[in-house]
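Have a look at the structure below, then the notes.
The values are calculated or read from the model by the stated rules, or taken from the named source; none is laboratory data. None of the values given here were measured: they were computed from a predicted structure. Neighbour counts are summed over all protein chains in view; Cβ atoms, including those assigned to glycine, are modelled from backbone coordinates with ideal geometry. Surface areas here come from the heavy atoms of the whole protein model, side chains and all, with no ligands, DNA or RNA. Shrake-Rupley method; radii C 1.70, N 1.55, O 1.52, S 1.80 Å.
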Amino acid sequence: MKYKLDGYFKDATINFALVSKSETTAIKRGENEGLTLTNENIVRQLITRNANESGEVSFAKYPVPAVGNTAVIVFVQRKNELKIIGAAMSKL
């Protein structure tokens, strides 16, 4: 995945989260046995790099969510205060 940043991003990191948009789990044991839970935006992989004007990242082949259930959330964050200064999401 290639990226290009605009604006002021000195002393920042860029973070790429590969997410499953939705996952359903049938609970087989314990106090919630028999229930079905649905969770959204589950992070499957996270890559963090120093923010540069442009670059490219590659996610590992595993774990990857099912086709049509995948998105990448990208956010730029200041290193010293962890303030998020930009974000975007792309469905894959």
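Below is a table of values for the structure above.
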quantity	calculated
Given charges at Cβ of Lys, Arg, Asp, Glu: the chain dipole, positive-most of Gly86, Val57, Thr36	Val57
Inter-label distance, nm, simple model (7 Å from Cα along the C-beta direction), Tyr62/Arg44	1.3 nm
Nonlocal Lys pairs with alpha-carbon distance under 15 Å, the chain (8 or more apart, or different chains)	4
Given charges at beta-carbon only (K, R positive; D, E negative), |dipole| of the range 23-92 in Debye	180 debye
Diffusion constant of the chain at 37 °C, which comes from Stokes-Einstein with the Kirkwood Cα-pair radius and 0.692 mPa s, µm²/s	221 µm²/s
Most mobile of Val72, Val57, Val43 in a GNM of the chain (Cα contacts under 10 Å)	Val57
Separation of the Ser54 and Arg29 label points, Cα + 7 Å toward Cβ, nm	5.3 nm
Residues in the range 50-84 reached by a label modelled at Lys4 [backbone nitrogen below 18 Å; 7 Å Cα→Cβ]	51-57
The chain - accessible surface per residue (Å², probe 1.4 Å)	72 Å²
Prolate/oblate/rounded call for the range 1-44, Cα gyration tensor, a/c under 1.5 rounded	prolate
Relative contact order (%) - criterion: Cα under 8 Å, at least six apart; region: the chain	36 percent
Surface share of carbon and sulfur [accessible, 1.4 angstrom probe, percent] for the range 2-92	49 percent
